[in-house]
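Read through the structure below, which is laid out as structure tokens, and then see the notes.
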Amino acid sequence: MYRDHKVSAIVTCSGKGTRFGSNKLLVELGGITILERTVRAMLVPAVDELIVTISSENEEVYRRILIDDAALPVSLVPGGAERHISAMNGLEATTGDIVVVHDGVRPFVTEDLIMKVIDSAIDHGSAMLGMPSTVQVKLVDDEGFIQGSLDREHSWLGQTPQAFRRDLLRASYESAVADRYQRVSDDADLVHEYTSTRARILPGHVNNIKITTPQDLGTARLIIEENDRT
Ligand SMILES: Nc1ccn([C@@H]2O[C@H](COP(=O)(O)OP(=O)(O)OP(=O)(O)O)[C@@H](O)[C@H]2O)c(=O)n1
Ligand SMILES: C[C@](O)(CO)[C@H](O)COP(=O)(O)O
């Protein structure tokens, strides 16, 4: 229990890695898979239960890495065809009143970042990490013409973990199912859309990268070297 709350965490690991070219969760970084690195990072004392979403083709290998070899205290739950379906399936397996959702491909999350979103979700109901944008983001139409620019002072680049009161997240997913998932981008938007609860955004960390393409591995290796030096 943390501040009288039971905290559940979901790590979404059921993606196909299309942009990466293979299942990036099985790539080794500094001697362990990205999957194991992220899951270990999420197992902080405040997290009472940890759910890892899997896919049928990876169930055996994930079970071997996380449970048979590393003996990590996690439950494996089937994910879905889209990230939000995986998060929703994970949510059904949670029993805490605060739920943290994290991308399996963000292995450099730290306890400090996890605690920030948990504290803020307890206080505000919905919270996520982000980095203030250092670039000007253009909105472009289908013909390749600029429609406008986002005001940089108010543009942040979203990260996970995101954390919520479970009742808000559950109600949002129920509404999203009824709405055939018309308006899903991430969990914080979903909660805002369906419960009008605005997420508090908190500064993440430049190293809390999402491994999306093979190029991200170079950055990841630099982060590991930097972490090893400090
Ligand atoms: N159906 C899905 C899709 C994604 N994810 C997970 O959500 C995280 C963020 O997704 P992303 O990086 O976009 O991964 P992929 O969906 O695998 O990538 P792509 O879109 O290139 O296929 C990853 O840990 C991924 O495994 C998931 O659990 N279920
Ligand atoms: C929640 C998220 O990490 C937002 O940064 C999301 O998973 C991003 O997925 P995308 O498909 O790379 O936009």
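Numbers at a glance
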quantity: Over the chain, relative contact order from alpha-carbon pairs under 8 Å, at least 6 apart, %; calculated: 22 percent
quantity: Local electrostatic count at Asn58 - Lys and Arg +1, Asp and Glu -1, tallied over other residues with Cβ under 11 Å; calculated: 0
quantity: Convex hull of Cα atoms in segment 49-108, direction-averaged projection (nm²); calculated: 4.4 nm²
quantity: Ala93 versus Thr212: modelled label distance in nm, points set 7 Å from Cα along the beta carbon direction; calculated: 2.7 nm
quantity: Using θ = phi - 60° and Karplus 6.51 cos²θ - 1.76 cosθ + 1.60, couplings along segment 173-179 (whole Hz; Gly, Pro as x); calculated: 5, 4, 5, 5, 5, 4, 8
quantity: Potential lengthening between Ile67 and Asp123 on full extension [0.36 nm per residue; Cα-Cα distance subtracted]; calculated: 16.8 nm
quantity: Amide proton proximity set for Phe108, modelled H, under 5 Å, gap of 5+; calculated: Ile209
quantity: Dipole-positive endmost among Ile223, Ile67, Ala121 within the chain (Cβ charges, Cα centre); calculated: Ile223
quantity: Kirkwood-based shape ratio for segment 1-73, expressed as Rg/Rh from alpha carbons; calculated: 1.01
quantity: Translational D in µm²/s for the chain (Stokes-Einstein at 10 °C, 1.306 mPa s, Kirkwood Rh from C-alpha pairs); calculated: 87 µm²/s
quantity: Rel. contact order, % - alpha carbon contacts under 8 angstrom, at least six apart, segment 97-157; calculated: 25 percent
quantity: Sites Leu139 and Glu57, calculated FRET efficiency, Cβ-Cβ separation with R0 25 Å, nearest 0.05; calculated: 0.10
quantity: Only Lys, Arg (+1) and Asp, Glu (-1) charged, at Cβ; the chain dipole about Cα centre in debye; calculated: 160 debye
quantity: Relative contact order %, segment 153-216, counting alpha carbon pairs below 8 Å whose residues are six or more apart; calculated: 30 percent
quantity: Computed over segment 107-169, Cα set: Rg, Dmax in Å; calculated: 15.6, 44
quantity: Ser22-Ser185 pseudo-label distance in nm [points 7 Å out on the Cα-to-Cβ vector]; calculated: 3.3 nm
quantity: Glu226 versus Ser175: modelled label distance in nm, points set 7 Å from Cα along the beta carbon direction; calculated: 3.8 nm
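Here, each number is a calculation from the coordinates, and none is a lab measurement. No experiment lies behind these values; they were computed from the predicted model shown. Note: ideal-geometry Cβ built from the backbone for every residue, glycine included; neighbour counts use all protein chains shown.
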